[in-house]
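The values are calculated or read from the model by the stated rules, or taken from the named source; none is laboratory data. What you see is a predicted model, and the numbers here were worked out from it, not measured in a lab. Neighbour counts run over all protein chains shown; Cβ positions are idealised from the backbone, glycine included.
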Amino acid sequence: MPTDENLQTINCTLVSMCSLCNKDNENNNHLFLNCPFANAIWNWFNNLFSWRLDTTSFNNLLLVCNANWSAQTRDVFIATIIHTVSTMWWCINQARFESKHRSVIHAISRIKIAASLSGNTSKSMASPSVKELCILKALNVTLNYSEAPKIIEMIWKRPTHDRIKINCDGAARGCPGIAGGGTIFRNYKGDVLACFSDFYENQEALYGELNTTIEAIQFAYKKGWKKVWLEVDSSTVVDIFKRKTNPPWKLISKWILCQDTMQFMDCYTLHIYREGNSCADKLANYGIDSTSYSIWDKSPSFIQSDCIRNSIGLPSYRFIVF
């Protein structure tokens, strides 16, 4: 901002005086933090939010942006700080260039109008606490309440008697990060025929999702399971298998070989939500934790309860908040 202090640093010669109090030099700290006019506004701010701002420096002032408010109140809190600084600068320019000395009350009114506009255009949700309700009402901000979530029941479905169902999942702890994949094979009774987990070192999540699915197809082919139902919780992988999108370049060679194998198989692919794919999800995370390839001819202990729930048709639930 072109305060007197900043103008002097670029060799502008001028006498400096605060246009609001006519007592001290015009510099950033005085204008926005230490001037009696600024102090009066920050005191109003503290009373409104029941908060004690540290106005000794701008860095300390900005630290309050991490305060433990709900999302909408935090947006309003930050917006009010910004509008406060902006209004102070407006008042300074009004006094210096228009000879109009705005009162603290006038400045606060202007801040409240601007903060109200910011708060009412925020898409964030507010917590219905009494304290936050009072703050937002004081600024004429309407609270955004989150709607009740939509609950989707997820039931693992068995394949027909002539098919093998394959559930695959990949995981990465970072982007990229250590990654792994897991796959489970079951028959029409829900019995586990085989399952495996693998470790892929540092990769993206999509790499883990697609690579473990390609491995699952090759595994099934070698076992002689030619009629399969492939179920994954990655919509991108589903699109790749349905030729709607291309695989990542790292897996193009493997994908071409997988396509060649699938020419001799009867395979259809469907998407499932993660909540219905818990066995494969736990296998993928086991692959990351073990940093190795593991294979079982029955369900390992850490997914036994999930396999039983699937086989007897017990549901899992997905909550979607709009």
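Worth pointing out:
- Test: residue in the stretch 242-251 that is assigned by TED's automatic domain parsing to the domain that holds residue 311, of a type outside the set (Gly, Ala, Ser), surrounded by fewer than 19 Cβ atoms within 10 Å (Cβ to Cβ) and within 19 Å of residue 307 (Cβ to Cβ): no
- Summed over the stretch 273-299, the residues that are over 26 Å from residue 235 (Cβ atoms) and in a loop (DSSP other than H, G, I, E, B) give a count of 6.
To keep it simple, each residue is scored yes or no on (1) surrounded by 13 or more Cβ atoms within 10 Å (Cβ to Cβ); (2) without any contact (Cβ under 8 Å) to a residue 40 or more places away in the chain; (3) farther than 20 Å from residue 95 by Cα.
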| site | (1), (2), (3) |
| --- | --- |
| 25 | yes, yes, no |
| 31 | yes, no, no |
| 40 | yes, no, no |
| 53 | yes, yes, yes |
| 61 | yes, yes, yes |
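- Some residue of the stretch 91-103 being exposed (fewer than 14 other Cβ atoms within 10 Å of the Cβ), closer than 19 Å to residue 43 by Cβ and without any contact (Cβ under 8 Å) to a residue 24 or more places away in the chain: yes
- The stretch 174-224 - residue that is among the basic types (Lys, Arg) and surrounded by fewer than 18 Cβ atoms within 10 Å (Cβ to Cβ) and, of those, farthest from residue 267 (Cα to Cα): 189
- Residue 184 of a type in the set (Val, Ile, Thr) and assigned to a strand (DSSP E or B): yes
- Residue in the stretch 187-201 that is among the basic types (Lys, Arg), assigned to a strand (DSSP E or B) and either assigned by TED's automatic domain parsing to the domain that holds residue 255 or on the phi > 0 side of the Ramachandran plot (or both) present: no
- Residue within the stretch 131-146 that is modelled with pLDDT of 90 or more and buried (at least 20 other Cβ atoms within 10 Å of the Cβ) present: yes
- Once the stretch 106-130 is narrowed to residues that are closer than 17 Å to residue 45 by Cα and among the hydroxyl-bearing types (Ser, Thr, Tyr), the residue that is modelled with the lowest pLDDT is 118.
- Residues located in the stretch 187-228, provided they are within 32 Å of the chain's Cα centre (by Cα) and hydrophobic (A, V, I, L, M, F, W, C): 195, 196, 199, 205, 206, 210, 214, 216
- Residue check for residue 230: in the same structural domain as residue 296 (by TED's automatic domain parsing), outside any helix (DSSP H, G or I) and of a type outside the set (Gly, Ala, Ser): yes
- Applying the condition of being part of a loop (DSSP other than H, G, I, E, B) and in contact with a helix residue (DSSP H, G or I) (Cβ under 8 Å, 6 or more places away or on another chain) to the stretch 248-272 and asking which residue is farthest from residue 216 (Cα to Cα) yields 248.
- Within the stretch 260-305, the only residue that satisfies the criterion of being among the acidic types (Asp, Glu) and surrounded by 19 or more Cβ atoms within 10 Å (Cβ to Cβ) is 281.
- A count restricted to the stretch 255-284 and to residues that are farther than 13 Å from residue 213 by Cβ and not aliphatic (A, V, I, L, M) stands at 13.
Conditions tested, residue by residue: (1) outside any helix (DSSP H, G or I); (2) of a type outside the set (Gly, Ala, Ser); (3) at pLDDT 85 or above.
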{"position": "16", "(1), (2), (3)": "yes, no, no"}
{"position": "24", "(1), (2), (3)": "yes, yes, no"}
{"position": "30", "(1), (2), (3)": "no, yes, no"}
{"position": "33", "(1), (2), (3)": "no, yes, yes"}
{"position": "59", "(1), (2), (3)": "no, yes, no"}
{"position": "78", "(1), (2), (3)": "no, yes, yes"}
{"position": "91", "(1), (2), (3)": "no, yes, yes"}
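- Qualifying residue in the stretch 151-171 (condition: closer than 30 Å to residue 207 by Cβ, modelled with pLDDT of 90 or more, in a strand (DSSP E or B) and charged (D, E, K, R)): yes
- Residue that is nearest to residue 184 (Cα to Cα) [pool: residues in the stretch 147-164 that are of a type in the set (Val, Ile, Thr) and surrounded by 14 or more Cβ atoms within 10 Å (Cβ to Cβ)]: 164
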